[in-house]
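Just so you know, all these numbers are worked out from the coordinates, no wet-lab data involved. It should be emphasised that the depicted structure is a prediction, and the values quoted were computed from it without experimental measurement. Note: ideal-geometry Cβ built from the backbone for every residue, glycine included; neighbour counts use all protein chains shown.
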Amino acid sequence: QPVNVPELLQDVVERFALQSRQENIELQLDFPAHDLPPVKADRDNIIQVLDNLISNAMKYSNENTKVMIQACEVGEKYVRIDIMDEGMGIRKRDLTRIFERFYRVDKARSRSMGGTGLGLSIARQIVLAHGGTIEIDSEWQKGTRVSFTLPVYEEMKNES
Ligand code: ATP
Ligand code: MG
């Protein structure tokens, strides 16, 4: 159950290597070389979250841009993972509804891009089920950042 975040991120980014090359979107990983504690999580579930978020970041970005994936510790109890893109962004008025099931910005545009509008709501559900939080911040025509946290894995300590 303890999941090593840097290792997980590397694995997930490798899955996108081909798409990244084809679409000419650079995937950049950034995390502290050491001192990042393991998180308490189901590895496959978190892979699904990252798959969703990185797919979005790439889907809603143009060529020759960068997607940055960062991990850091917040306090001593959580690890935060940020996925940042330089894509089309999301208007303020859509931002509050973005985690709803089937919600997609601009139906016509979204239809041509494929998808169901479930990715973010599933990601949110998984993160909340792990006791984490998820937020999205975006600037129209500039880019988007999705941040989520996962609790640090604590070994059971037995006193005596
Ligand atoms: P699915 O993930 O089911 O294939 P989807 O990507 O449309 O479809 P979500 O991942 O839930 O669905 O995202 C909902 C909507 O939020 C998207 O349709 C898109 O308009 C917007 N969105 C999500 N991520 C980004 C992003 N990184 N940049 C710009 N818009 C985004
Ligand atoms: Mg999606």
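A helix-only calculation puts the chain at -10500 deg cm²/dmol for mean residue ellipticity at 222 nm, using -39500 (n - 2.57) for each DSSP H run of at least four residues, averaged over all residues.
Show me the trypsin sites (Lys or Arg not before Pro) within segment 43-142 that DSSP assigns to loop and that have at most 14 other Cβ atoms within 10 Å of their Cβ. Answer in residue order: 77, 91, 97, 101, 142. Per-residue Karplus couplings for segment 60-66, computed as 6.51 cos²θ - 1.76 cosθ + 1.60 with θ equal to phi - 60°, are listed in order as 9, 10, 8, 5, 6, 10, 10 Hz, Gly and Pro entered as x. Looking at segment 1-82 alone, DSSP beta bridges between its own residues are antiparallel in about 55 percent of cases.
Stokes-Einstein at 25 °C, 0.890 mPa s, Kirkwood radius from Cα pairs: D for segment 1-137 in µm² s⁻¹? It comes out at roughly 156 µm²/s.
In order along segment 74-87, the phi-based Karplus estimate (6.51 cos²θ - 1.76 cosθ + 1.60, θ = phi - 60°) of 3J(HN,Hα) comes to 10, x, 10, 10, 9, 10, 10, 10, 10, 10, 10, 10, 10, x Hz; Gly and Pro are listed as x. Between residue 33 and residue 18, residue separation times 0.36 nm minus the direct Cα-Cα distance comes to 2.8 nm. Under the criterion of Cα pairs below 8 Å and six or more residues apart, the relative contact order for the chain equals 26 percent. Relative to the longest principal axis of the Cα atoms of the chain, the long axis of helix 5-15 lies at roughly 30 degrees. The string of couplings for segment 39-54 from the Karplus curve (6.51, -1.76, 1.60, θ = phi - 60°) is 10, 8, 6, 8, 4, 5, 4, 6, 4, 4, 4, 5, 4, 4, 6, 6 Hz, one whole number per residue in order, with x for Gly and Pro. By other beta-carbon atoms within 10 Å, ranking 94, 44 with the fewest at the front produces 44, 94. Do you know the Lys pair count in segment 22-160 for C-alpha distances under 21 Å, with sequence separation 8 or more or different chains? Value for segment 22-160: 10. Stretching the chain fully between residue 43 and residue 128 yields a gain of 29.1 nm (0.36 nm per residue, less the alpha carbon separation).
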